[in-house]
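The values are calculated or read from the model by the stated rules, or taken from the named source; none is laboratory data. These numbers were taken from a predicted model, which means no experiment stands behind them. FYI the Cβ positions are ideal-geometry reconstructions off the backbone, even for glycines, and counts take in every protein chain you see. Note: accessible area is taken over every heavy atom of the protein model, side chains too, but ligands, DNA and RNA are not part of it. Shrake-Rupley method; radii C 1.70, N 1.55, O 1.52, S 1.80 Å.
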Amino acid sequence: MKIDISQVKNTPIANKSDIKSKELSTDETNKLNASITSNSFSFKTNKEQDYNVFFRLDKDNIGVKLSESNVNRLKDFFSEDNFIDTSKGIILDKDAAGYVASWFADVAYKRNYLAADKDNDGEITALEAWDLFDLVNVNYEVAQDKNKEYFLKATNIDETYVSNRIANSIEGKSDLSKALDIVINWDKDLDGKVTASEYWNTDKDYLDEFGIAYYEDNQPFMSIPHIKADVDIAEEEIKRVKEQIKLNNIIEKLKKSQSLDNNEKEILQKFNIQNISNELKISEDKLKDLISSDKLKDFISYTKDFINELSQTKLLDIKV
């Protein structure tokens, strides 16, 4: 199913925290070098404790593992005096340090990676991942194009991160370094925010297939990296939309007194049969009998007002 993302493609799905840039003092540089030599830092950001980028955040010495491509992007973007070479990697200073520290704070605190690592071993297990805030709600409405084809239109993106507990299950393992590296990679222009178009890696107004939105490098739709989430909840929503579309087609057939096939009868019976019977003030058994026995004239006489109401219904606010 096609998705119109024109209204949200420039909307941020993630924003770095605001850590002010400052120049390292001699004492701070010495403390960082001591931590690098002993490989002892304030936090473990991966299980292997294998780090190549180092910086200060408040009074903490931080070590993280970033990809070579991201390290090169940082060096290309920030001035040469923002980097201090060491035998283990680079120490960040000034604006480069402020930028990476700001994304680190977003991942570590807003998205809860530090607190989620209950045993402080540097790894986020599938169980620990339940305590992360790696998801963002995208609100949709169902619309029709000029060819009467249904599509989803993304209307807005909520500004706050959502708990991973809304997903049915979390698979795989991750760590803070990996999550930090991915979000920096997504921040294409290094401006401190990741827009929806940067996430989807497209400037187009439409995504041709709904599945593209769910899996970008095996990431769930609008998931802030890195845990892979089960998308059964979202798939159920789409299934419900498709059932509604089928129901609308069935209603059109009923209006024309056309016969229903067995599959259409099943769909009609499944569609909130209790609410329909309550609305029509007849028993569920009576309604089921009318549907299953193809007594269409009787059924239409019972449902005339209800059909008119349903035909005007629009599905709104489908949340992933």
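Taking the range 1-26 as the range and being part of a loop (DSSP other than H, G, I, E, B), of a type in the set (A, V, I, L, M) and either out of contact with any Asp or Glu (no Cβ under 9 Å at 6 or more places or on another chain) or within 18 Å of Phe104 (Cβ to Cβ) (or both) as the test, the residues that pass are Val8, Ile19, Leu24. Scan the range 5-16 and tell me whether some residue there is in contact with a strand residue (DSSP E or B) (Cβ under 6 Å, 6 or more places away or on another chain), among the small types (Gly, Ala, Ser) and surrounded by 16 or more Cβ atoms within 10 Å (Cβ to Cβ). Yes, there is a match, as at least one residue in the range 5-16 is in contact with a strand residue (DSSP E or B) (Cβ under 6 Å, 6 or more places away or on another chain), among the small types (Gly, Ala, Ser) and surrounded by 16 or more Cβ atoms within 10 Å (Cβ to Cβ).
Ser174 falls short on exactly one of the conditions (1) modelled with pLDDT of 90 or more; (2) over 16 Å from the mean Cα position of the chain (by Cα); (3) crowded, with 22+ Cβ neighbours inside 10 Å, and that condition is (1).
For Ala143, the criteria (1) at pLDDT below 85; (2) under 26 Å from Lys204 (Cα atoms); (3) under 15 Å from the mean Cα position of the chain (by Cα) hold in every case but one, which is (3). If the condition is being basic (Lys, Arg), open to solvent by 10 Å² or more (accessible area, probe 1.4 Å) and touching a residue at least 60 places away in the same chain (Cβ under 8 Å), then the range 95-146 contributes only Lys110.
When we screen Thr37, Thr29 for residues that are in a helix (DSSP H, G or I) and out of contact with any strand residue (DSSP E or B) (no Cβ under 9 Å at 6 or more places or on another chain), the only hit is Thr37.
A quick yes/no check of all residues on (1) part of a loop (DSSP other than H, G, I, E, B); (2) of a type in the set (D, E, K, R); (3) within 20 Å of Lys31 (Cα to Cα):
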{"residue": "Arg73", "(1), (2), (3)": "no, yes, no"}
{"residue": "Asp76", "(1), (2), (3)": "no, yes, no"}
{"residue": "Asp81", "(1), (2), (3)": "no, yes, yes"}
{"residue": "Ile84", "(1), (2), (3)": "no, no, yes"}
{"residue": "Lys88", "(1), (2), (3)": "yes, yes, yes"}
{"residue": "Gly98", "(1), (2), (3)": "no, no, yes"}
{"residue": "Ala101", "(1), (2), (3)": "no, no, yes"}
{"residue": "Asp106", "(1), (2), (3)": "no, yes, no"}
{"residue": "Asp121", "(1), (2), (3)": "yes, yes, no"}
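Within the range 124-154, restricting attention to residues that are hydrophobic (A, V, I, L, M, F, W, C) and in a loop (DSSP other than H, G, I, E, B), the residue that is farthest from Leu180 (Cα to Cα) is Leu127.
If the condition is being open to solvent by less than 50 Å² (accessible area, probe 1.4 Å) and of a type in the set (S, T, N, Q), then the range 55-69 contributes Asn61, Ser67. If you check Ala234, Ala229, Ala167, Ala154 for being over 26 Å from Ala105 (Cβ atoms), small (Gly, Ala, Ser) and modelled with pLDDT under 55, only one passes: Ala234. Within the range 40-60, being in a loop (DSSP other than H, G, I, E, B), of a type outside the set (Lys, Arg) and free of Cβ contacts under 8 Å to residues at least 40 places away in the same chain holds for Ser40, Phe41, Ser42, Asp50, Asn52, Asp58.
Annotation note: of Asp85, Asp93, Asp119, the sole residue that is more than 19 Å from Asn185 (Cα to Cα) and modelled with pLDDT under 95 is Asp119.
Ser79 satisfies every condition listed in (1) of a type in the set (S, T, N, Q); (2) out of contact with any Ser or Thr (no Cβ under 7 Å at 6 or more places or on another chain); (3) open to solvent by less than 20 Å² (accessible area, probe 1.4 Å) except (3). Residue count for the range 41-54 under the criterion of being closer than 15 Å to Ala108 by Cβ and open to solvent by 40 Å² or more (accessible area, probe 1.4 Å): the result is 3.
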